[in-house]
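Only one structure is covered here, and it is reproduced in the block below.
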Amino acid sequence: AVITRARTAGPAWAATAATARRKVLHGVADKLARQRGPLISAMVHEAGKTVAEADAEVSEAVDFARWYGDRAPELEDRPGVRFAPLGVVAVVPPWTFPVAIPAGGLLAALAAGNTAILKPAPETPRCAELVARCCWEAGVSPDVLQFVRTPDDEVGRRLVTGVDGVILTGSIETARLFQSWKPELALFAETSGKNAIVITPNADLDLAVA
């Protein structure tokens, strides 16, 4: 039902002018900045961050919102170049950076005209929920961005295999698992170990990491 809802909302968001998406994402930046206190509190409580670490992470999330907002107009069609969003993108962040990383993933997806489903790390749901709320309050429709807590079982697998793309930050083993479930999945993964970016389909994960 969540994926269907995202697909239904997709065409209208994709057709939204890039300058309008930029304005919305700049509004997200403002909301994140105003929610600095609650975001810091959530990171200290859920992730064991120090106040200094959490404060810096909020600033990074604000920067992501402004930067991706500014990139959106660069995706407008130009002579000989046509850009099309992927469609529905699942954002699967880790608990170690529970505000900046989910913000970066979902804001990139939204800037490019995709709808997004944010699945938080089980350890830090409140952190990710606050990021989602800032997006909603800035004008992102709850249909365009959905926040979903689901276990890493067959339900989580259904989410990964039912969307058009996944933005993952985690282990290379998780990236390989996702790819084994759906080899044609557009998987954008920042993995542990060598801090590499893996982009599939049709990319050998070992070569990409190396």
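The values are calculated or read from the model by the stated rules, or taken from the named source; none is laboratory data. Please read all numbers here as calculations on a predicted model, not as lab measurements. Every residue, glycine among them, receives a Cβ derived from its backbone with ideal geometry; neighbour counts consider all protein chains shown. Please note that ligands, DNA and RNA were not included when accessible areas were found on the heavy atoms of the full protein model with its side chains. Shrake-Rupley method; radii C 1.70, N 1.55, O 1.52, S 1.80 Å.
Rounded to the nearest 0.05, the FRET efficiency derived from the C-beta distance between Glu123 and Arg78 at R0 = 35 Å is 0.20.
If you roll a 1.4 Å probe over the chain with all protein chains in place, what percent of the accessible area is carbon or sulfur?
Values: 5550 of 9970 Å².
So the carbon and sulfur contribution to the accessible surface is 56 percent.
The lysine pair count for the chain, using Cα distances under 25 Å and pairs eight or more places apart or on different chains, is 9.
Summed over the residues of the stretch 49-118 and divided among them, the accessible surface reaches 42 Å² per residue at a probe radius of 1.4 Å.
Starting from the Cα gyration tensor of the stretch 1-121, take the square roots of the eigenvalues, sort them a ≥ b ≥ c, and report rounded, prolate or oblate (rounded when a/c is under 1.5, otherwise prolate if a/b is larger than b/c, else oblate).
prolate
The charge dipole of the chain, taken about the Cα centre with unit charges on the Cβ atoms of Lys, Arg (+1) and Asp, Glu (-1), comes to about 540 debye, rounded to the nearest 20. In this rough spin-label picture, where each label sits 7 Å from Cα along the Cβ direction, the Val155-Asp143 distance is 2.4 nm. Each Cα pair under 8 Å and six or more residues apart adds its separation to the average, and for the chain the resulting relative contact order is 21 percent.
Converting the Cα gyration tensor eigenvalues of the chain into ellipsoid dimensions via √(5λ) gives semi-axes, longest first, of 24, 23, 16 Å. Per residue, the Cα convex hull of the stretch 65-138 amounts to 82 Å³. Put +1 on the Cβ of every Lys and Arg and -1 on every Asp and Glu Cβ in the chain; which of Tyr68, Ala18, Pro125 then has its Cα farthest towards the positive end of the dipole? Selected residue: Ala18.
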